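Below is one structure; the comments refer to it alone.
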Amino acid sequence: MDQDNIRNFCIIAHIDHGKSTLADRLLEFTGTIEKRKMKEQILDQMDLERERGITIKLQPVRMIYNVQNVKGDQVEQLERAKRSYILNLIDTPGHVDFNYEVSRSLAAVEGAILLVDATKGVQAQTLSNLYLAIEQGLEIIPVINKIDLSNANIEKTKREVIHILGCQENEILLASGKTGEGVEEILQAVIRKIPVPKGNSDRSLRALIFDSKYDVYKGVLAYARIVDGSVRQEDGIYMMATATESSVIEVGYFKPELVVAEVLSAGDIGYIATGLKSVNQCRVGDTITISKSNVKNQISKLPGYKEVKPMVYASFYPVEGDDYNMMRDALEKLKLNDAAFVFELESNLALGRGFRCGFLGILHMEIIQSRLEREFEISPTITTPSVVYKIKTKDQSSSLEANHPSAEKSKTREFFIYSPAEMPDPSIIESISEPYVKLDIISPVSFLGPIMEVMKNTRAEYKNTEYIDSERIILNFNCPLTDVIVNLHDDLKSASSGYASMNYEFLEYRPNDLIKLDILVAGDKVDAFSRIVPKNRSYSEGKRIVEKLKEAIPKQNFTVALQAAVGGKIIARETIAAFRKDVTAKLYGGDVTRKRKLLEKQKKGKKKMKNIGRVTIPSEAFLAVLKK
Ligand code: GTP
């Protein structure tokens, strides 16, 4: 189809404002998916996404829209054009942890539908995603969604949208993903307002890889936006950043399942099956061009993406030693379609061999954990998630410092540690710095009091307040990332009956008075429970953790002491009384098979336990101590 008849766009919104549901209606309206095959939130293809009702991965889909009747000034112009359009939509996640998916999608399109829930109004990720889209120079189509709901406040939401976008009232469309109202108007606005993709089909191929996925038969599939040129089966291609050559197995587009096509040309969004065996050779953000060496040298690379840095690290240890290889394979598979997830090997005296994993946030970590369980039946022991700390050692300690693994790598007095277990001896430390973020909280003014109460429990510094309108405010804070990642989101939601939302981005490293808090179980220090805490909170944190552990660790057949310690000094203690569980006790008589069955069941349950010293700790305990 003619390039003039292609429109590429995505839908951006705060979490739960209805992107995936609206996408369903667009797919239905354009007949992309037959009604009988339609299921809710069809673009959320992972089971986990469907179950949790959240989008985790970006998902492209191509629709053909046959224009019946376009309203507006440009009717004539459109009438003259062909009446059939290719609309490439990329559905994106709304949660802050998956912002990287959003920014990648935005670089592949020319426009964005900004969706705002009429009952919730503008929220934190509405703004952060809007700013990302504006930075990319995208055309924005504002849409107010869920207008079918009786508590929809359309007028107020309109005022908020006008305030953040500076648009005219008549540019704002109204829609309901539930009833389908307004869907046709949205499609027509997409055609009218979103620019035709630039780029030249006659030039040499340049395609931007915005995602990738591994397919057992076709090798790595590069999800690509063709910027210039065209690509078809058997073409020789060249990945510019990794200097990898390959021959195209097949090209095609998403419906959302893969549909083979003869060719992809400038303006198109589709997949290129590269036949490559490793996603490392076909990196997100790279440019694909043709492999003819006389041409490829003259081609300039497309601007890629800034590399994302994991914000949170935690170590995953297999529960039984021999699961190690299985877990490595599983993590490698998960990494194949998650560009933001990183891991490396690690070993620990008590826990054995495992993996240090980096995530964008706690939700990202939970998702990887659930996927491990669900797709690979592995439930690892997970150490307390930690941000990355910057350690500066005293001058005279250079010899000691050289012994530290991270220091050795960097050969400087300053180095980063990725888990509390790596913290050097306090006597050689000059300072410990932790990451701070710029935190924005958006809320109705009426919840200001409770929100400030929540913030008092953190170390956040209040900066200022902006008004979106007379009823809604944006509160700005600078806050240590640690205080944000674990519970703040939930605390804000409960303090504001669900109305407040937050967003954060990295600001800087700042030195603070921090110390390492150790946890001892039956006298053994358990690194997995260690954490770095502000000195003045060490007592309350220590107490909280041992209390939590008392609930989470089942009774053993001996008394177990749970202790929190700072530098060898015990600051809190709890005790788990002894108990012996005899599962077969209630079975009288000699039913051996039943007895065996029960014992088997118990053994299976035990599989999810980790033996640390003499104590058996269930894998849930490692995460339970996180929650406040
Ligand atoms: P994330 O991808 O997780 O960010 O969410 P999303 O923006 O894709 O939202 P989703 O489409 O999953 O919708 C969230 C909830 O709102 C679901 O329970 C939908 O059924 C509901 N919903 C979406 N659109 C409408 C609408 O127009 N009217 C009503 N009444 N409910 C809607």
Filter segment 442-480 for residues that are in a helix (DSSP H, G or I) and within 20 Å of LEU127 (Cα to Cα); which is least open to solvent (accessible area, probe 1.4 Å)?
ILE451
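Yes or no, residue by residue, for (1) acidic (Asp, Glu); (2) under 17 Å from GLN59 (Cα atoms); (3) touching a residue at least 40 places away in the same chain (Cβ under 8 Å):
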{"position": "HIS95", "(1), (2), (3)": "no, yes, yes"}
{"position": "LYS146", "(1), (2), (3)": "no, no, yes"}
{"position": "VAL161", "(1), (2), (3)": "no, no, yes"}
{"position": "ASN170", "(1), (2), (3)": "no, no, no"}
{"position": "GLY177", "(1), (2), (3)": "no, no, yes"}
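Tally up the residues in segment 82-102 that are in a strand (DSSP E or B) and open to solvent by less than 20 Å² (accessible area, probe 1.4 Å), please. It would help to see each step written out before you state the result.
Quick first cut of segment 82-102, residues in a strand (DSSP E or B) only: 84-91.
If we keep only those that are open to solvent by less than 20 Å² (accessible area, probe 1.4 Å) too, we end up with 85-91.
Residues flagged as in a strand (DSSP E or B) and open to solvent by less than 20 Å² (accessible area, probe 1.4 Å) within segment 82-102 amount to 7.
When you look at GLU139, is it in contact with a helix residue (DSSP H, G or I) (Cβ under 8 Å, 6 or more places away or on another chain) and open to solvent by 40 Å² or more (accessible area, probe 1.4 Å), yes or no? Explain how you work it out, then say what you get.
Details: in contact with a helix residue (DSSP H, G or I) (Cβ under 8 Å, 6 or more places away or on another chain): yes; open to solvent by 40 Å² or more (accessible area, probe 1.4 Å): yes.
Yes.
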Residues located in segment 116-138, provided they are more than 20 Å from the chain's Cα centre (by Cα) and either within 12 Å of the ligand (Cβ to nearest atom) or closer than 21 Å to GLY270 by Cβ (or both)
VAL116, ASP117, ALA118, THR119, LYS120, GLN136, LEU138
GLY111 meets each of (1) small (Gly, Ala, Ser); (2) crowded, with 24+ Cβ neighbours inside 10 Å; (3) under 27 Å from the mean Cα position of the chain (by Cα) with one exception, condition (2)
Please tell me if LEU507 is among the aliphatic types (A, V, I, L, M), crowded, with 21+ Cβ neighbours inside 10 Å, at pLDDT 90 or above and closer than 25 Å to GLU414 by Cα.
no
Looking at (1) modelled with pLDDT of 80 or more; (2) aliphatic (A, V, I, L, M); (3) crowded, with 19+ Cβ neighbours inside 10 Å, find the lone condition where ILE64 falls short.
(3)
Just the residues that are at negative phi and of a type in the set (Gly, Ala, Ser), please, taken from segment 101-131.
SER103, SER105, ALA107, ALA108, GLY111, ALA112, ALA118, ALA124, SER128
Residue that is most open to solvent (accessible area, probe 1.4 Å), among those in segment 143-178 that are more than 15 Å from the ligand (Cβ to nearest atom) and either assigned to a loop (DSSP other than H, G, I, E, B) or aromatic (Phe, Trp, Tyr) (or both):
GLN168
Within segment 232-271, take every residue that is of a type in the set (Val, Ile, Thr) and in contact with a Cys (Cβ under 9 Å, 6 or more places away or on another chain) and give me the one that is surrounded by the fewest Cβ atoms within 10 Å (Cβ to Cβ).
THR242
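Taking the condition surrounded by 24 or more Cβ atoms within 10 Å (Cβ to Cβ) and either assigned to a strand (DSSP E or B) or at pLDDT 75 or above (or both), does SER105 pass? Can you show your working first?
On the way: surrounded by 24 or more Cβ atoms within 10 Å (Cβ to Cβ): yes; either assigned to a strand (DSSP E or B) or at pLDDT 75 or above (or both): yes.
It is true that SER105 is surrounded by 24 or more Cβ atoms within 10 Å (Cβ to Cβ) and either assigned to a strand (DSSP E or B) or at pLDDT 75 or above (or both).
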I'm checking my understanding of the structure. Among residues of segment 179-231 that are part of a strand (DSSP E or B) and open to solvent by 40 Å² or more (accessible area, probe 1.4 Å), which one is nearest to the ligand (Cβ to nearest atom)?
LYS213
Out of SER291, SER278, SER347, report the one residue that is free of Cβ contacts under 8 Å to residues at least 40 places away in the same chain, among the polar types (S, T, N, Q) and surrounded by fewer than 19 Cβ atoms within 10 Å (Cβ to Cβ).
SER347
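Can you name the residue in segment 322-381 that is of a type in the set (Asp, Glu) and touching a strand residue (DSSP E or B) at 6+ places or on another chain (Cβ under 7 Å) and is also farthest from LYS306 (Cα to Cα) among such residues?
At the first step, the residues of segment 322-381 found to be of a type in the set (Asp, Glu) are 322-323, 329, 332, 338, 344, 346, 366, 373, 375, 377.
Filter once more, keeping what is touching a strand residue (DSSP E or B) at 6+ places or on another chain (Cβ under 7 Å): 344, 346.
On the way: GLU344: 21, GLU346: 27 Å.
The selected residue is GLU346.
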Going residue by residue through segment 125-142, is there one that turns out to be modelled with pLDDT of 95 or more, assigned to a loop (DSSP other than H, G, I, E, B), hydrophobic (A, V, I, L, M, F, W, C) and within 15 Å of LYS19 (Cα to Cα)?
no
Residues being modelled with pLDDT under 85, over 19 Å from SER103 (Cβ atoms), within 12 Å of the ligand (Cβ to nearest atom) and open to solvent by 10 Å² or more (accessible area, probe 1.4 Å) - total across segment 1-44
3
Could you tell me which of the residues VAL560, VAL533, VAL526 is open to solvent by less than 70 Å² (accessible area, probe 1.4 Å), modelled with pLDDT of 90 or more and among the β-branched types (Val, Ile, Thr)?
VAL533
When (1) within 22 Å of SER540 (Cβ to Cβ); (2) touching a Lys or Arg at 6+ places or on another chain (Cβ under 9 Å); (3) without any contact (Cβ under 8 Å) to a residue 24 or more places away in the chain are applied to GLY498, the one that fails is (1)
Just checking, which of LYS333, LYS306 is touching a residue at least 60 places away in the same chain (Cβ under 8 Å) and either surrounded by fewer than 21 Cβ atoms within 10 Å (Cβ to Cβ) or not in a strand (DSSP E or B) (or both)?
LYS333
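The values are calculated or read from the model by the stated rules, or taken from the named source; none is laboratory data. Quick caveat: nothing in here was measured; it's all calculated off a predicted structure. FYI the Cβ positions are ideal-geometry reconstructions off the backbone, even for glycines, and counts take in every protein chain you see. Just so you know, the surface numbers come from the protein's heavy atoms only, side chains and all, with ligands and any DNA or RNA stripped out. Shrake-Rupley method; radii C 1.70, N 1.55, O 1.52, S 1.80 Å.
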